[in-house]
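Heads up: the structure comes next, in structure tokens.
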Amino acid sequence: MEKMFGTAEFAIQVGVTKSSLKHYISILENSGYHVKRDHRNYRLFTEEDVHVFQNYKQLHQEKGMTLKEAAAVIIGDDTIVQDAEMLPAKREYHTQVVEKYDDLSKTMELLADHIQGIEAQNAQLLQLIQMQHQQNEWLKEEMSMMKHQLEEPKVDYKRQLDRVESQNCNR
């Protein structure tokens with residue numbers, strides 16, 4: 001006979017508080033998931049429910065889905081998850097959906113790493129551009145000083161020529 005868990009035992013099994021479990025399960029049930037109940041209408045959970053709930057919780061916590069979106073994935077609501085294939089066995093379907101989200105997550109991580117590399121290269125390029133700009137400013141100043149220095153002797157030579165000419169004229 002299949003092992004059955006009460007709500008408190010199931011909450012411990014899946015690692016959530018009893019009140020959180022009731023909240024999660026009510027959303028799952030409202031989306032169409034069926035949880036067995038005993039003669040007093042208390043929920044009874046199976047090993048299959050453990051796997052379903054773990055996938056549900058993972059979609060919500062690790063993949064950033066709302067509880068309703070995660071429930072739709074678990075239930076197989078094609079209006080929300082249009083590209084998911086329906087597989088005959090529930091467990092296979094849940095595993096496939098989680099794997100798709102894992103693949104997407106890995107791809108996004110690779111893209112984030114690539115973007116960080118590009119941002120680092122951009123920072124280096126900006127730094128090089130700033131250094132080039134500073135060097136250009138320094139070269140402009142040097143050219144201006146050299147131009148000024150080249151013009152100064154001409155003035156001195158002109159003055160000297162003027163003095164010599166004036167002295168020659170005075171004689």
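The values are calculated or read from the model by the stated rules, or taken from the named source; none is laboratory data. Predicted model only: the values in this text are computed from it and were never measured. Note that each Cβ is placed from the backbone with ideal geometry, even for glycine, and that neighbours are counted across all protein chains shown. These area figures cover heavy atoms from the full protein model, side chains too; ligands, DNA and RNA do not enter into them. Shrake-Rupley method; radii C 1.70, N 1.55, O 1.52, S 1.80 Å.
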| task | Would you mind checking LYS3/LYS68; LYS36/LYS63; LYS36/LYS100; LYS3/LYS100; LYS36/LYS57; LYS57/LYS100 for any pair whose Cα atoms are more than 22 angstrom apart? | result | LYS3/LYS68; LYS36/LYS63; LYS36/LYS100; LYS3/LYS100
| request: Scan the stretch 34-66 for GluC sites (Glu not before Pro) in coil per DSSP, keeping those whose Cβ has at most 12 other Cβ atoms within 10 Å, and list them by number. | output: GLU62
| Using a 1.4 Å probe, how large is the accessible area of LYS36, given in Å² and rounded to the nearest 10? | 100
| said: Rolling a 1.4 angstrom probe over the protein chains, ignoring ligands and nucleic acids, what is the accessible area of ASP49 in square angstrom, nearest 10? | reply: 10
